[in-house]
Amino acid sequence: MRKSNAGLRGGGLLRAVLATALLAVAGTASAGELFKCGKTFQDRPCESADVQQRFSRTQGTFAIQQVNPTTDRDCAKAAAEAMTWWERLARGESMDQLQGEIQAQKISRYDKSMLRDTLTIVGSYRGTPTEVRSQFEVQCMAYKRKHGYPTERELAGGAASGSYTPRSPASDAATRRAEIAAQRAAVARARAEAARDRLR
């Protein structure tokens with residue numbers, strides 16, 4: 001299973017949230033969560049904030065920003081990375097310019113291809129920034145559940161009971177092949193939608 005995203009500057013986790021979603025889960029999390037709501041702190045999400053600030057035990061600050069209260073730290077980070085690409089497209093930067101940046105990166109041809117495909121998918125999302133980020137988070141969390149990757153809460157519960165067991169490399173390879181096939185189908189759908197939009 002490929003866990004390293006070194007050198008992909010914003011693309012590695014973007015690829016994770018929309019393409020392969022192979023998210024590395026480091027350490028365990030505590031079941032209790034702490035949210036910052038203005039100048040107050042509470043154990044539930046803020047009612048008046050679009051983007052929640054949640055305490056990160058690994059960083060010791062309120063570094064986790066998420067739209068959906070049920071999003072775990074991996075998907076929150078992946079959605080934030082995907083938003084950088086989406087925001088640039090929304091500001092009017094061309095797809096060609098961003099693909100040129102991807103092409104200039106010193107990464108494998110496979111990774112470049114994955115990032116270009118992911119950029120196409122990211123560009124197809126519509127809505128306000130909060131709505132789009134919410135969609136990214138929901139999609140990432142659904143992917144993790146569907147493919148058996150533990151969420152932050154599941155890790156916390158498993159660590160407490162000692163019941164969590166990591167996946168095997170053989171099952172990860174089979175999962176990876178299925179993920180690639182699913183990603184190709186998603187890219188084909190996004191391209192078909194883009195072509196349909198151009199014809200209008």
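Compute the normalised compactness of region 86-134: alpha-carbon radius of gyration over 2.2 N^0.38 Å, N being the residue count.
1.21
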Order of Arg73, Arg91, Arg176 under a 10 Å beta carbon neighbour criterion, fewest first: Arg91, Arg176, Arg73
Cross-link candidates for Lys112: which lysines have Cα within less than 29 Å, leaving aside residues fewer than 8 places away along the same chain? Lys3, Lys77, Lys144, Lys146
Euclidean distance of C-alpha centroids, region 88-128 and region 143-157, integer Å: 28
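Read-outs: derived from the displayed coordinates by stated rules, not from any lab. As the structure is a computational prediction, the values presented were derived from the model and not from experiment. All Cβ positions, glycine included, derive from the backbone under ideal geometry; neighbour counts span all protein chains shown.
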